[in-house]
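Below is one structure, written out as structure tokens; comments come after it.
The values are calculated or read from the model by the stated rules, or taken from the named source; none is laboratory data. What you see is a predicted model, and the numbers here were worked out from it, not measured in a lab. Neighbour counts run over all protein chains shown; Cβ positions are idealised from the backbone, glycine included. Side chains included, ligands, DNA and RNA excluded: accessible areas come from the protein's heavy atoms. Shrake-Rupley method; radii C 1.70, N 1.55, O 1.52, S 1.80 Å.
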Amino acid sequence: RLKKERKRFEIACYQNKVQDYRKGIEKDLDEVLQIHQVFINVSKGLVASKEDLIKCFGSNNVDDIIKEILMKGEIQLSEKERQLMLNKINNEMLTIISAKCINPKSKKRYPPTMIHKALVELKFSPVLNKPAKIQALDAIKLLCTKQIIPIVRAKMKVKVILSNNANDNSSDDDLIEKLTRLIASDNGTATKSASVTTSWELIDPISYRDLVTLVKDRGTLQVLDMAVIDEGGKN
């Protein structure tokens, strides 16, 4: 459903296909639509007039209008469909948080059930109109701030290799100094060889974009592990 110029326009779709279309997975409109038509009210079978389409969309090209409604419109779900979708998003969100975070003392992951309990206590609930990954990052910020349970983002394991620039050693030294300060602030480790190959192991994920910016056009940045977890021992 999409409202434009105080009028409501609807299309009849397969709910799971809408998500695939928005992600670019599904491109065939016939696979997404139940009926290739724009309505004022789907349940009553009221088709939108050409005059309304031109007035509100500036065109009566049904395909273009359908595509706009698909991308910008609000998905209307039955209560059962809504709950199933919320459960799916919630489970995906909890799995992401569990994979990205650890107990700072034990260095172990929290199970999704414990994370769910903490989020319920913080009154954090998933919504339908945001990707699970974005909601997981929002939840992680909240969990790390409130500390209902002791939790931090797991460190990333990366390797930075700088190209040897014999003509500008001072520039290399300056870059390495910046990188060293960045890694040191994350309690990571750094080593430098004679060939100006510099390797860092553990960093805070927040620093990743800064590393990308610093290394750009001067070397390569390789992610070895998105989240370093101690899998041994007891929880």
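Taking the Cα centre of each part, how many Å lie between the range 38-111 and the range 122-162?
22
Which FRET efficiency, nearest 0.05, do ARG209 and SER43 yield, Cβ-Cβ r, R0 45 Å?
E(calc), rounded to 0.05, equals 0.45.
Of all accessible surface on the range 1-159 at a 1.4 Å probe, what whole percent is carbon and sulfur?
The value for the range 1-159 is 51 percent carbon and sulfur by accessible area.
Per q in 0.14, 0.18, 0.19 Å⁻¹, report the Debye log10 I(q)/I(0) for the range 1-92, using one uniform scatterer on each alpha carbon and no solvent.
-0.52, -0.82, -0.90
At 0.36 nm per residue, minus the direct Cα-Cα distance, what do LEU122 and HIS36 gain on full extension? Give it in nm, one decimal, please.
Contour length minus Cα-Cα distance gives 26.6 nm.
When all protein chains stay in place, what accessible area (Å², nearest 10, 1.4 Å probe) is found for ASP174?
It works out to around 70 Å².
Rounded to the nearest 10 Å², what accessible area does ILE89 have for a 1.4 Å probe in the complete protein model?
20
Among all lysine pairs in the range 18-84 that are eight or more places apart or on different chains, how many have alpha carbons less than 19 angstrom apart?
7
Modelled label-to-label distance, LYS88 and GLN15, 7 Å Cα→beta-carbon offset: nm?
Taking the two extended label points, one gets 0.8 nm.
Enter the accessible area per residue of the range 27-167 (Å², integer; probe 1.4 Å; all protein chains in place).
60
For a Förster distance of 30 Å, can you work out the FRET efficiency between the beta-carbons of LYS133 and GLN222, rounded to the nearest 0.05?
The value I calculate is 0.85.
So how far apart, in nm, are the two label points at LYS159 and ASN61 if each is 7 Å from Cα heading toward Cβ?
Placing both labels 7 Å along Cα→Cβ, they lie 5.0 nm apart.
Can you give the FRET efficiency for MET71 and CYS144, using 1/(1 + (r/R0)^6), R0 = 35 Å, r = Cβ-Cβ distance, to the nearest 0.05?
According to the calculation, E is roughly 0.60.
With all protein chains present, calculate the accessible area of ARG1 using a 1.4 Å probe and round the result to the nearest 10 Å².
Here the accessible area works out near 80 Å².
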